[in-house]
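Below is one structure, written out as structure tokens; comments come after it.
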Amino acid sequence: QVQLVESGGGSVQAGGPLRLSCAASGSVFSINVMGWYRQAPGNERELVASITRSGSTNYADSAKGRFTISRDNAKNMAYLQMNSLKPEDTAVYYCNSVLMTYGSTRYLNYWGQGTQVTVSS
């Protein structure tokens, strides 16, 4: 059993920062990719940023220059530092991980429950 737990969401004024954290726990053997997605009301879930085990990153155009994804492989954690937040960044942010559990031979996709980020103008 695997759990991905997000923290750090909340309300912030436009231009402010927030830092999201994601902790993977349980029967985690190996994590390949960790990422952050978001979903605003009426919209589809979209990728914000992802990072591989070796540290290669990928960002949505909307996140480039403002958001930074990082991870701590030893702690099975990922972070999303969000700066210069805009009202259009308001969404539920989900942690995603492609990982292998003990006793398995496949990497599977896991999701956290999400954390709300609200940016007011």
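The values are calculated or read from the model by the stated rules, or taken from the named source; none is laboratory data. All values derive from a computational prediction rather than experimental measurement. As a convention, Cβ positions derive from the backbone with ideal geometry for all residues, glycine included, and neighbour counts pool all protein chains shown. Each accessible area value is taken on the protein alone, full model and side chains, heavy atoms only, with ligands, DNA and RNA left out. Shrake-Rupley method; radii C 1.70, N 1.55, O 1.52, S 1.80 Å.
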- Message: Here's a check for you: in the range 1-17, which residue that is among the hydrophobic types (A, V, I, L, M, F, W, C) and closer than 10 Å to residue 119 by Cα is most open to solvent (accessible area, probe 1.4 Å)?
- Response: 14
- For the range 9-39, the count of residues that are over 30 Å from residue 106 (Cβ atoms) and in a loop (DSSP other than H, G, I, E, B) equals 5
- Specify the residue that is least open to solvent (accessible area, probe 1.4 Å); the eligible residues are those in the range 92-121 that are over 18 Å from the mean Cα position of the chain (by Cα) and within 18 Å of residue 13 (Cβ to Cβ). 120
- Message: Filter the range 26-39 down to the residues that are open to solvent by 20 Å² or more (accessible area, probe 1.4 Å), under 15 Å from the mean Cα position of the chain (by Cα) and closer than 30 Å to residue 103 by Cα and list them by number.
- Response: 32, 33, 37
- Query: Restricting attention to the range 80-90, which residues are open to solvent by less than 50 Å² (accessible area, probe 1.4 Å) and over 29 Å from residue 30 (Cβ atoms)?
  - Reply: 85, 89, 90
- Note on the structure: Of those in the range 75-89 that are of a type in the set (S, T, N, Q) and more than 14 Å from the chain's Cα centre (by Cα), the residue farthest from residue 23 (Cα to Cα) is 84
